[in-house]
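Everything below concerns the one structure shown next.
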Amino acid sequence: MAPLDNTSGVWKSGRGKGRKTPKGRQLDDQAHSEILDLLGERPRDRDLLIEFLHLVQDKFGHISAAHIRALAEEMRTGQAEIYEVASFYAHFDVVKEGETPPPALTIRVCDSLSCELAGAEQLKKALEEGVNPAKVRVLRAPCMGRCDTAPVLEIGHNHIDNATVEKVEAAITADDTHVHVPPYETYREYAIAGGYEVLKNLRAHGDWEAVQETVLSAGLRGLGGAGFPSGKKWGFVRANEGPRYLAVNGDEGEPGTFKDRYYLERTPHLFLEGMLIAAWAVEAEKAFIYMRDEYPAVLEILRREIRALEEAGIVEAGYIDLRRGAGAYICGEESAMIESIEGKRGEPRHRPPFVAQVGIFGRPTLVHNVETLYWIAKINREGPECLNTVEKNGRKGLRSYSVSGRVKNPGVHLLPAGSTILDVIEAAGGMLNGHSFKAYQPGGPSSGLLPAHMNDIPLDFDTLQPHGSFIGSAAVVVLSDQDSARDAALNMLRFFEDESCGQCTPCRVGCEKAVKLMQAEKWDQSLLEELSQTMVDASICGLGQAAPNPIRLTMKHFPEEV
């Protein structure tokens, strides 16, 4: 064997310019300390990611790269995973290294149909021209669920109804950027009036099947838009082995809808007792309330009253888990909501399996809308007669119509389910002076537009489908002769374009293409129809499937405009 070569200069000494730190973004000590302070003793569970991101956004006004790195350290997960969740939701401001954080104050101007009719676009332009962009930013925002007081904007967490530039300036001067909680019925007031007695009796010696039969006999159907018989869900969920969960869909994001907020800001315990009755019926181990971030007053009310329920011994501490949405309309779809509760991007799941079988954390989950649970409590307190004895135009029950647009008294109007648009307009005080009835949106933008002459259709489940529409969440927007059906349809499609989760191509690209085609001086109707059919046939969830309704109904009923 030849001897080793000892010639100098061949071997490296090892004292070169080697890496002193691991690859990737380094943990910043200050950011880590700030995250530790924010998270405190909370468990570092993966499903709490969105709650933790809210803590960072609320404290610092944005989410920096350093904070994402520190969160990843604490949660033992990847930075990419945290980034993809944070960047999905509109209410999180992700700021990369070297980027300028947003100003301390944000004004969000609602641009949904009701607010657009009330001059939101002009208001936004006036605000942009009148504020210092270094200190205040002005953004467009989708429906805030306050269509009865349009135009509406949110400055910080303070909603300004019937907004004007002067009101905004006054709020900024007074530093009035915090939530205003309206007066409401507290736990003590509700309990004195007999609240929670029904729940206590059911827990002591109730029969869930008897309660289910009572709910079914009342004729209650899901009031989030789908209209599925409410009691039937209980049997589906109970048919699956536990543990089981209950999830409340409080992501009332369909433009024109504000009925859930209306009830929660007045009688929250009627809803909470209904929720606990439903949770008892399916033996739910935990109840999750997913509430949209656009309702800060409701979130504060629920925090207070859940605490009151825990102190009164109605529920154990932690049984009701209040989760805060982050600005994503798609989370109103039940499987997308469940993804968000699990701390993920709110993207709808492929079905089957259905959430009654595989829901939160893969367990059977009962999902109900807020107003549905409100009625479950009323039915069990007052009997099924509170709904099934009301009859009009061959339809039974009551509907909470969220009414806005060109009427004198917009608001939530509780009317027989067989009411027509003329009944709804009459309940809302009639048309505004100088306006004549032209068209209406019967159930949010997903339901499209119907002309004024179609005024004898009961606005209820199953009655609008033959006309290419549906009642949905009963969000009624009334248009007058001073409004353009074409412009209204474009407003609706812009909303869908903005709110598509992007998961499936037919919806993501279809909405974008539709908006471009609808901006043309003359619509290419054959191409729009072909596009609509593709979206209906191939989209994963109801957003893409229903988005073409405004296009089709406008072409059908208002051909002179397109």
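For K20, the lysines whose Cα falls under 20 Å of its own Cα, not counting residues fewer than eight places away in the same chain, are K12.
Please sort by residue number the trypsin sites (Lys or Arg not before Pro) in region 434-531 whose DSSP state is loop and whose Cβ has at most 14 other Cβ atoms within 10 Å. Write out the running numbers ahead of the final one.
Values: sites: K438, R486, R494, R508, K513, K516, K522; in loops: K522.
Sites meeting the loop and neighbour criteria: K522.
Normalised by the number of residues in region 121-209, the average gap of Cα pairs under 8 Å and 6 or more apart makes the relative contact order 17 percent.
Given a 1.4 angstrom probe, I'd like the percentage of the accessible area of the chain that is carbon and sulfur, rounded to a whole number. Walk me through the numbers before you get to the answer.
Numbers: 12080 of 24470 Å².
Reported share for carbon and sulfur atoms: 49 percent.
For the chain, find the longest principal axis of its Cα atoms and tell me its angle to the long axis of helix 505-518, 0 to 90°, nearest 10. The two axes meet at around 60 degrees.
Residue by residue, region 125-136 carries 3J(HN,Hα) couplings of 4, 5, 5, 4, 6, x, 10, 7, x, 6, 10, 9 Hz when phi is fed to the Karplus relation 6.51 cos²θ - 1.76 cosθ + 1.60 (θ = phi - 60°); x denotes Gly or Pro.
Summing Cβ point charges (Lys, Arg +1; Asp, Glu -1) relative to the Cα centre of region 318-364 gives a dipole of roughly 60 debye. Helix 208-218: angle to the longest alpha-carbon principal axis of the chain, degrees 0 to 90, nearest 10? Approximately 50 degrees, to the nearest ten. The mean sequence separation of alpha-carbon pairs under 8 Å and at least six residues apart, normalised by the residue count of the chain, gives a relative contact order of 13 percent. The convex hull of the Cα atoms of region 207-300, projected and averaged over all directions, covers 6.6 nm². Derived scalar couplings between HN and Hα for region 475-490 equal 8, 9, 10, 9, 9, 10, 5, 8, 10, 9, 5, 4, 5, 5, 5, 5 Hz in order, rounded to whole Hz, by the Karplus curve 6.51 cos²θ - 1.76 cosθ + 1.60 (θ = phi - 60°), x for Gly and Pro.
Treating only the Cβ of Lys, Arg, Asp and Glu as charged (+1, +1, -1, -1), what charge dipole size does region 68-164 show about its Cα centre? Round to the nearest 20 debye.
On the way: 10 positive and 15 negative charges, 32 e Å.
Its charge dipole is roughly 160 debye.
Mean residue ellipticity, 222 nm, helices only, the chain: the sum of -39500 (n - 2.57) across DSSP H runs of n ≥ 4, divided by residue count and rounded to 500, is -12000 deg cm²/dmol. Accessible surface for region 14-84, divided over its residues, is 60 Å² per residue with a 1.4 Å probe. Residues whose amide H lies under 5 Å from that of L322, counting only those 5 or more places away or on a different chain, are I289; hydrogens are built 1.01 Å from N in the peptide plane. Per residue, region 233-369 exposes an accessible area of 30 Å² to a 1.4 Å probe, with every protein chain left in place. Taking the Cα centre of the chain as origin and assigning +1 to Lys and Arg Cβ atoms and -1 to Asp and Glu Cβ atoms, the resulting dipole is close to 1140 debye. At q = 0.09, 0.11 Å⁻¹, what is the log10 ratio I(q)/I(0) for the chain, with the Debye formula run over Cα points and no solvent? For the chain at q = 0.09, 0.11 Å⁻¹, log10 I(q)/I(0) is -0.70, -1.05. To test your reading of the geometry: what angle, between 0 and 90 degrees and rounded to tens, separates the Cα axis of helix 268-281 from the longest principal axis of the chain? With both axes taken from Cα atoms, the answer is about 80 degrees. Simple rule: put +1 on each Lys or Arg Cβ and -1 on each Asp or Glu Cβ in region 309-417, find the dipole, and look at G359, N393, W375; the Cα lying farthest toward the positive end is N393.
Solvent-accessible area per residue in region 446-552 equals 38 Å², computed with a 1.4 angstrom probe and all protein chains kept. Since only Q525, A428, S539 are under comparison, the one whose Cα sits farthest along the positive direction of the charge dipole of region 426-562, derived from C-beta charges on Lys, Arg, Asp and Glu, is S539. In this structure the amide hydrogen of G405, modeled in the peptide plane, comes within under 5 Å of the amide hydrogens of V478, none closer than 5 places in sequence on its chain.
Taking GluC sites (Glu not before Pro) across region 74-172, the ones in a DSSP loop with at most 13 further Cβ atoms lying within 10 angstrom of their Cβ are E97, E99. Cysteine residues of the chain whose C-beta has no other cysteine C-beta under 4.7 angstrom: C143, C147, C331, C386, C501, C504, C507, C511, C541.
Ranking request for peptides 371-382, 302-313: highest mean number of other beta-carbon atoms within 10 Å first, then the rest in descending order. Can you show the working numbers first?
Details: 371-382: 23.2, 302-313: 15.6.
Peptide ranking by packing, descending: 371-382, 302-313.
For D148, what is the net charge nearby, where nearby means another residue's Cβ is under 11 Å from its Cβ and Lys, Arg count +1, Asp, Glu -1? Value of the local net charge: +2. Look at where the Cα atoms of region 359-413 and of region 192-223 average out, and the two centres are 15 Å apart. What the phi angles of region 297-311 give under the Karplus curve with 6.51, -1.76 and 1.60, with θ = phi - 60°, is a coupling list of 5, 5, 4, 5, 4, 5, 4, 4, 7, 5, 4, 5, 5, 5, 5 Hz, glycine and proline written as x.
The share of alpha-carbon pairs in region 45-98 lying farther apart than 15 Å comes to 36%. Kirkwood's formula applied to the C-alpha pairs of region 160-228 gives a hydrodynamic radius of 17.1 angstrom.
Any idea what % of Cα-Cα pairs in region 510-562 are farther than 12 Å? All intermediate terms of the calculation are to be shown ahead of the outcome.
Values: 835 of 1378 pairs.
Cα-Cα pairs in region 510-562 separated by more than 12 Å: 61 percent.
Between the C-alpha center of region 449-474 and that of region 491-508 there is a gap of 24 Å. What do you get for GluC sites (Glu not before Pro) in region 512-560 restricted to DSSP loop and a cutoff of at most 16 other Cβ within 10 Å of the site's Cβ? Listed in order of number, the matching sites are E521. Each of the peptides 342-351, 269-278 was scored by the mean count of other Cβ atoms within 10 Å over its residues; in descending order, highest first, they stand as 269-278, 342-351. With Cα atoms as the point set, region 237-358 shows a radius of gyration and Dmax of 14.4, 41 Å.
The values are calculated or read from the model by the stated rules, or taken from the named source; none is laboratory data. All figures in this text were calculated on a predicted structure; none of them were measured in a lab. Neighbour counts run over all protein chains shown; Cβ positions are idealised from the backbone, glycine included. Just the protein is used for accessible areas: all its heavy atoms, side chains included, with ligands, DNA and RNA removed. Shrake-Rupley method; radii C 1.70, N 1.55, O 1.52, S 1.80 Å.
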